[in-house]
Amino acid sequence: MLALKSYFADVLPTSGRPPVDVSPTSPRFDDLVRKHFAQWIPSLTRAGAHDHNLEQELLGIPVPADRISGKVARALLADGPVLFKEGAGVDRALITALKAQTEGLKAELSVLWAHPFTEERQLVGAKVPEKERGDRFLFGFGELMRQVKRAQNEPDKRFVLLIKNVEAMEPGVRTQLQEALRGKPLDHPVLGQVYIPANMQFMFTLRDGTNLEDDSFYDRVAVKTLSAVDIPPPQALEWPLRVDEGNYRQKLGIRRDGGRPVLLLPGAEIALSEDFKAITEQNLHDVIYMKTGLVLDYDTVRMLAAMEQARVNRRPVLRIEGPTGVGKTFTAQGYARLRGRGFFSNPVNTDTELTEWIGGFEQDPDGRFRFNPDTPFKRRVEEGGVVALSELNTLIDHHEKAGLAWWLTQIAETAPEPDGSRLIRLTEVPVPQGQPLPVIRIHPQTLIVVDTNPEGAYNARGGMPDVFKEYAPMLGVAPLISESTTKSSGEARRERERLALYAEMFLKHDWTADGRRLGKGMSDADKRRKTAELLAQLYQAAVVYGREIDAWAQAGRLLSTRELKRISQDVLAGEGANAVYAHLLAGLDPAHQQKLLGTLRPILKELDVELGRAAAAAPQPAQIAFDQLLAKKRPVHLRVSPETDARALLRELAESDPSVDLSII
């Protein structure tokens, strides 16, 4: 009967039909099978239909009657390796059931989270420097060998090694497990033949629908199919009803908690650091902008509220998805400053390595090798800071998934300790027998913000692993200017109002750099408001029309509020229409420049009139470069054709100011 249940209830999907018209996980199925075989096996005869639970009888521990608990129990009753093929939404229930039943059996459950960076040393081990000396090498065990040794030393105890997300492993690493899965000893050049003890069992998880293209792996495991359940993804933001972009600013405020200022947002309250002790209801927008650079527009407030809710609800990983330029990373930095916490930003690219987060082996000045766990990532997460991981989906694995997201899943998934921290065992690091495994202890106040572009919106971007999505809540943010070509007049007006909110804050305060004031803020509120509205119109028109004629894509430009801020600052420095030339038009080819200029010219004239500036000829690229580099101390990116010799321009730049020290690389 157990064999029948293991096949019909575990292998077949939910839609599979058992030999009788009854669910194979129901007591009625047990009853029918018992009655059918009772004439040959008298011990199966029972009185009553619901007074038995076969798995519970055989395991000797309580087994709940739900489908997943039954499959976990049958996996533990198996005498070989087991693969759980997980449907969407079942991972949390699977792990809960497995932990409960292994604890009931007084078995030891060890978990290894697989990822594309998993190597043989994480499983079996490798030679590592001796901790005390550093010039001698010992063999350090991987997680597989650690559990083998423990099982050998405690033969009366059961050990279960769960390798999660086995599809994330590189195929070559997974094949190294094949001999162990078929019950044969592992042949290792240092350890010799390694026998897997009988009291040790392998288990794996795999997302259902993933094609491993590895029949030999499937041949060596008993498969348990866990059908998908309809569980909504974790919610990133609980936003109050009837609060929208039109009225959210009315919900912003300040209160005092024992003298400490607290920023009130829709759905969240952020206790501010000592740097904000002078903040009030009247000056909160200005103080926050001056100390963090944040302008509290609608999506910035939503992101701040989601970050605080994640921290309060002890969810250490938050996903924010939106286009480039909406301030995802910048808002995470501002959130850290508001709370007075450390901040670390790590833009991920195709060369990023896991060791940049968890540490690695290196040689010290004396020539000795050692494991150095000190990384900016580790410091920030252990001290309760904020970490922003940008563009995580640019480093993808063989399944087109974000490679490092597989490793991050364990931080989101690991249950907190009694003090609220999360203990992450660095199974990636081999250690000699008897030595402690390095760990990262995630502080209860830590927040890791994973900010990415929308899946599929850009080339060379992969998706997030489904299991990561199930544990890390996601907040979506919209672009400042929608790409819709059919937007209503109300939508266009709201976009201009949002841009004007930014521009007015930029214009209100002095522009300073390196202790020098480069532009005085506009104190005349009416003039500032009118100028901000004109800049918002210019920016919106440039972005929208530039998209229509494909100007920005051809120039390789992604516009954001950075350009709007630089234009506003140049206005404070005494410029008018030329500020728009410098930051919006200068990088375009002449044809696109003329088309955009035709659209923007009426607003540019109105801007010069409002500012009292005389119309001037458009500045040449060299003038713009010199002005931005020398007068305004900004970096400049010159886009030139491959045949262009820029050395003459650079020499002219060096000769224009005797204080310039020019190096050409």
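The values are calculated or read from the model by the stated rules, or taken from the named source; none is laboratory data. Please read these numbers as outputs of a predicted model, since none were measured by experiment. Cβ sites come from the backbone with ideal geometry, for glycine too, and all protein chains shown count toward neighbours. Keep in mind that these areas ignore ligands, DNA and RNA; they rest on the heavy atoms of the full protein, side chains included. Shrake-Rupley method; radii C 1.70, N 1.55, O 1.52, S 1.80 Å.
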*Taking Cα centroids, how far is the range 134-181 from the range 552-591 in Å?*
57
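Report relative contact order for the range 245-289 in percent, whole number only (criteria: Cα-Cα under 8 Å, sequence separation at least 6). Numbers along the way, then the final one.
On the way: 48 pairs, mean separation 12.9, N = 45.
Averaging sequence separation for qualifying contacts and normalising by length gives 29 percent for the range 245-289.
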*Carbon + sulfur, % of accessible area of the range 243-312 - ligands and nucleic acids excluded, 1.4 Å*: 44
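Would you mind calculating the relative contact order of the chain from Cα pairs under 8 angstrom and at least 6 residues apart, reporting the percent as a whole number? Provide the component values of the computation, followed by the final result.
Numbers: 1069 pairs, mean separation 74.6, N = 665.
So the answer I get is 11 percent.
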*asked:* As a quick test, which of the pairs Lys184/Lys378; Lys71/Lys401; Lys291/Lys595 have an alpha carbon distance above 30 angstrom in this structure?
replied: Lys184/Lys378; Lys291/Lys595
*Debye, to nearest 20: dipole size of the chain, +1 on Lys, Arg Cβ, -1 on Asp, Glu Cβ*: 1280
*Long-range HN-HN contacts of Gly253 with modeled amide H, under 5 Å*: Leu264
*Neighbour-limited loop hits for GluC sites (Glu not before Pro), the range 199-286 (at most 13 other Cβ within 10 Å; DSSP other than H, G, I, E, B)*: Glu213, Glu238, Glu281
_How large is the accessible surface of Asp550 in square angstrom, using a 1.4 angstrom probe and rounding to the nearest 10?_
70
_As I understand it, the value is the acute angle between the Cα axis of helix 298-312 and the longest principal axis of the Cα atoms of the chain; what does it come to in degrees, rounded to 10?_
30
*Part-to-part distance (alpha-carbon centres) for the range 200-276 and the range 432-494, which is given in Å*: 10
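Per-residue ellipticity at 222 nm for the chain, helices alone: DSSP H runs ≥ 4 residues times -39500 (n - 2.57), over residue total, nearest 500 deg cm²/dmol?
On the way: 25 runs with 242 residues, N = 665.
So the calculated ellipticity at 222 nm is -10500 deg cm²/dmol.
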_Using alpha carbons only: equivalent-ellipsoid semi-axes of the range 251-390, gyration tensor based, whole Å_ = 33, 17, 13
*Over the range 56-136 - Rg/Rh using Cα atoms and the Kirkwood inverse-distance radius*: 1.14
*Give the angle, between 0 and 90 degrees and rounded to the nearest 10, that separates the Cα long axis of helix 27-37 from the longest principal axis of the Cα atoms of the chain.*
30
*How much length is gained on full extension from Leu558 to Ser484, taking 0.36 nm per residue of separation minus their Cα-Cα distance?*
25.0 nm
*Using the Kirkwood radius built from alpha carbon pairs, what does the Stokes-Einstein equation give as D for the chain at 4 °C and 1.567 mPa s, in µm² per second?*
44
*Would you mind checking the tilt of helix 91-104 against the longest principal axis of the Cα atoms of the chain, expressed as 0 to 90 degrees and rounded to 10?*
40
*What figure in square angstrom, to the nearest 10, would you give for the accessible area of Ser659 with a 1.4 Å probe?*
90
*Solvent-accessible heavy-atom area per residue, rounded to whole Å², over the chain at 1.4 Å*: 47
*Please report, as a whole percent, how much of the solvent-accessible surface of the range 411-506 comes from carbon and sulfur atoms (probe radius 1.4 Å).*
49
